[in-house]
Amino acid sequence: MKGHTAQQVERPLEAVIQQYGEEAITARDFANNTLILGSPGSGKTSGVLQSLQTGMLTASPVMGGLFNTAKQDDLPSILKPIEYAGRRDDCIIINALGEYRLNWLEYARAQTPEGSNEAITVLELMRVFREMVSKTGATSKDPFWDTHVDKYCLASITLLIYAKASLSVKKMIKILHSMPRSIEDTKDEQFISRSEFMYYLNLALDNPDSENNDAFDQCVSYFLDEMVQLDQRTYSNIVASIHATLFPASIGLMATLLDDVESNFTMDMSFEGKILIIDLPSSVYHEQGNLVTSMLMYLWQKDVMKRDLSLNNRMVFSFIDEAQLTINKQTVAFSSVCRSQQAICVYATQSLAAIKVRLGHHSDHLLDQFINNCGNIYMLSSTNPDTLRLFSDLVGKDYEMRMGFNAGLDTGNHSANASEDYRYILPERIFRLLATGGPRNNYYVEAIFVTAGRTFAEGETYLRVVFDQKMLER
């Protein structure tokens, strides 16, 4: 179910997404990535996100894209601008009880570039999965175990490919627990009859493509040479480490929606103008929902990166609410290239500290890269001192002339002095007091907006903008 294309559209980058007075913010501007920062209750979702979503859903030419839900009541909020734009029929809603399924490993396999190795492409997906399972992006302190997890995944994926079997984590786990412990096992009829590994090995050996094939030979060597020579303790520890990595993908929502299922939609349908909504809020499904959401986002990002714009140049978007729950190293890498692929990515989060935790220890450079890749930033009310200082730094400083005068009443001596100094253009208190919506603020949300390389009409490098939480109702 791959290879969706559509006719090219005219002037996709010139679509106006937001109008702030005389300032028109276009798809070209938003393609530089957008970050929305603010404390809980500051109006990120009901103010800024709703306005951006409405702008992109009503833009001409029509855009397709991707949404996620973070809270239980997010779906109605997302559907409101979609219905306002008359695009309800474009929606594909992926949830725990719905009809939509996607075989994630087979989908990743189909994304393999020409001339590359399918098993390595799938392994890259599984590395992102392992990063998300760790919850902090950290790898093992001893790379020996991570290396063996990679080697096993590569070998078992290769085995399934040459056995002409559909890829699935469940099959990989069955192979893991039925590997031979000696060459004699491969000759034992009873072992052969009950071993999943031997079943797929025999299927692969019957495949003419496996003859004189270095990739397949290395796969077989891993199982029949390297693993059988390990002592029992090391072998058991390696198997336990591999099982711990794979197991979360074989149960729960991962198994229901992604593993060993028949695909009935594709992530690149957004290139046709479809709207994909991943409705697995973390407030309900917790880490299971985050894992499925992260993997589907990864597959969408891969589709975007390999898209041929000469065949399909429609702008696409992704709205990632509570980004600290699903961001990973691949997201940071994608933020560096998505503009050239005409993709708009909007990330909303409460704090950069939470993103840093997700990216793992010693990830300051990754966080810096991510912020640098966000050419548009909306700053909402915050109470965190570090965030407030960041906000003031983002708007910047300007020269301030300070004058002084001294007079000596007894002596009649007078003196004057002048000095130049830097001052924050917007001090921290300005951000702390921005309106946060709700009845107290007449349902208005305020934000400070900065965008890279642009001075606004009033000569400032920032805009103070207001969003109406009731904009779709008034």
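Only the coordinates and a few stated rules stand behind these numbers; no lab work does. Here the structure is a predicted model, which is why all the values come from computation and not from measurement. Positions of Cβ are generated from backbone atoms using ideal geometry, with glycine treated the same way; all protein chains shown enter the neighbour counts.
Only helices enter this figure: runs of n ≥ 4 DSSP H residues, each worth -39500 (n - 2.57), summed and divided by the residues of the chain, yield -11500 deg cm²/dmol at 222 nm to the nearest 500. Identify all aspartates and glutamates with a Cα-Cα distance to K71 below 18 Å; exclude those on the same chain that are fewer than 8 residues away in sequence. List returned: D279, E287, D321, E322. Listed options for P(r) over Cα pairs in 10 Å bins from 0, in percent are (1) 4, 18, 26, 21, 14, 9, 5, 2, 1, 1, 0, 0; (2) 4, 20, 31, 28, 14, 3, 0; (3) 3, 15, 20, 22, 20, 14, 5, 1, 0. The value calculated from this structure is the one marked (1).
In this structure, the amide hydrogen of Y462, modeled 1.01 Å from its nitrogen in the peptide plane, lies closer than 5 angstrom to those of F456, counting only residues at least 5 positions away or on a different chain. For region 104-255, the Cα gyration tensor yields ellipsoid semi-axes of 23, 20, 14 Å (square root of five times each eigenvalue, largest first, whole Å). Label point of Q8 set 7 angstrom out along Cα-Cβ; within region 286-322, amide nitrogens under 12 Å from it belong to 309-314. Ranked by the mean number of other Cβ atoms within 10 Å of their residues, highest first, the peptides 292-299, 173-180, 186-193, 270-277 come out as 292-299, 270-277, 173-180, 186-193. When the pairs K306/K329; K151/K187; K171/K329; K44/K274 are compared against a 20 Å limit on Cα-Cα distance, K151/K187; K171/K329; K44/K274 fall above it. May I ask what percent, to the nearest 5, of DSSP beta bridges between residues of the chain are antiparallel? Within the chain, antiparallel bridges account for around 50 percent of the total. Couplings 3J(HN,Hα) for region 196-201, derived from phi with the Karplus relation 6.51 cos²θ - 1.76 cosθ + 1.60 (θ = phi - 60°), are 5, 4, 5, 4, 6, 5 Hz, where x marks Gly and Pro.
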